[in-house]
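Take a look at the structure below.
The values are calculated or read from the model by the stated rules, or taken from the named source; none is laboratory data. Worth saying up front: this structure is predicted, and the values here are computed from it rather than measured. Here the Cβ positions follow ideal geometry from the backbone for every residue, glycine too, while neighbour counts run over all protein chains shown.
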Amino acid sequence: MFTFLGPLLVGFFFTAASAFTTSYSHRLGEKRARLVCIILRDVLGIPLWVIGYVMAAQADSPVLFATSGLSRVAGWLLVVSGGVVIVAGLLALRWRAAAPSLHDTLVTHGIYALIRHPLYSGMLLELAGIFLLVPTLCMLVACFLGGIWVMIQARLEETDLLQRQPAYREYMLAVPRFIPRLKSP
């Protein structure tokens with residue numbers, strides 16, 4: 001029943017490569033470090049965890065609650081909203097999203113003016129939506145692990161960003177990590 005855990009966890013592990021840009025660059029040189037990041041995260045990691053989620057969705061697993069029209073609509077709204085947030089983040093990052101480097105500039109415009117990690121915020125929304133669409137024990141475990149991974153990955157990336165972008169410390173103080181601040185009138 002939990003065979004999905006293998007590709008899911010290995011995918012998370014490989015995807016963490018982006019959080020070691022500084023370390024890889026110092027050891028391998030910037031060009032090789034970018035290539036390592038692309039291979040580990042983009043070629044191996046992300047496809048593996050996607051496979052893990054597909055396997056969790058297809059697993060013979062106890063259903064935790066019956067879906068309704070409302071839960072399906074809410075699930076799809078969360079998935080689409082998360083996708084919009086992710087696309088906005090990718091458009092702002094551009095090439096930096098696929099292959100971070102020591103010479104990247106800090107992105108503070110667009111959605112990055114509201115939250116520091118829109119890709120992960122979007123993923124959290126999508127995970128909540130996927131669970132509403134496939135409310136099984138396996139999917140609950142997969143989504144819970146995905147949420148934990150997002151928290152760990154964001155912290156690891158922030159440690160790396162502080163090493164290669166001194167202005168990131170001030171940005172961290174001004175912009176929340178995952179949820180935008182509601183401005184008072």
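For the stretch 85-111, how many residues are over 20 Å from ASP42 (Cα atoms) and either touching a Phe, Trp or Tyr at 6+ places or on another chain (Cβ under 7 Å) or surrounded by 13 or more Cβ atoms within 10 Å (Cβ to Cβ) (or both)?
Taking the stretch 85-111 and keeping what is over 20 Å from ASP42 (Cα atoms), we get 105-111.
If we keep only those that are either touching a Phe, Trp or Tyr at 6+ places or on another chain (Cβ under 7 Å) or surrounded by 13 or more Cβ atoms within 10 Å (Cβ to Cβ) (or both) as well, we get 106-108, 110-111.
Final tally of qualifying residues: 5.
If we keep just the residues of the stretch 55-69 that are without any contact (Cβ under 8 Å) to a residue 12 or more places away in the chain and part of a helix (DSSP H, G or I), which is farthest from VAL141 (Cα to Cα)?
Per the criteria, the residue is GLY69.
Between GLY129, GLY146, which is in a helix (DSSP H, G or I) and either over 18 Å from ARG41 (Cβ atoms) or free of Cβ contacts under 8 Å to residues at least 60 places away in the same chain (or both)?
Answer to the selection: GLY129.
If we keep just the residues of the stretch 149-184 that are without any contact (Cβ under 8 Å) to a residue 40 or more places away in the chain and touching a Lys or Arg at 6+ places or on another chain (Cβ under 7 Å), which is farthest from VAL85 (Cα to Cα)?
LEU162
Which residue, of ALA66, ALA98, is modelled with pLDDT under 95, among the aliphatic types (A, V, I, L, M) and either touching a His at 6+ places or on another chain (Cβ under 8 Å) or closer than 21 Å to GLY11 by Cβ (or both)?
ALA98
Criterion first (crowded, with 20+ Cβ neighbours inside 10 Å, within 15 Å of the chain's Cα centre (by Cα) and of a type in the set (D, E, K, R)) does ARG41 satisfy it? Reasoning before the result, please.
Details: crowded, with 20+ Cβ neighbours inside 10 Å: yes; within 15 Å of the chain's Cα centre (by Cα): yes; of a type in the set (D, E, K, R): yes.
Here the answer is yes, as ARG41 does meet what is asked.
Could you list, in sequence order, all residues of the stretch 79-103 that are charged (D, E, K, R) and touching a Leu at 6+ places or on another chain (Cβ under 9 Å)?
Correct list: empty.
Name every residue in the stretch 147-164 that is of a type in the set (S, T, N, Q) and touching a Ser or Thr at 6+ places or on another chain (Cβ under 8 Å), in order of residue number.
Once the filter is applied, which keeps residues that are of a type in the set (S, T, N, Q) and touching a Ser or Thr at 6+ places or on another chain (Cβ under 8 Å), the stretch 147-164 yields GLN153, GLN163.
Quick one: in the stretch 153-177, which of the residues that are part of a loop (DSSP other than H, G, I, E, B) and exposed (fewer than 13 other Cβ atoms within 10 Å of the Cβ) is modelled with the highest pLDDT?
Applying the filter and picking the extreme gives ALA167.
Name every residue in the stretch 21-30 that is buried (at least 20 other Cβ atoms within 10 Å of the Cβ) and at pLDDT 85 or above, in order of residue number.
Scanning the stretch 21-30 gives no hits.
Taking VAL84 as meeting all but one of (1) without any contact (Cβ under 8 Å) to a residue 40 or more places away in the chain; (2) assigned to a loop (DSSP other than H, G, I, E, B), write down the number of the exception.
So VAL84 meets the others, but not (2).
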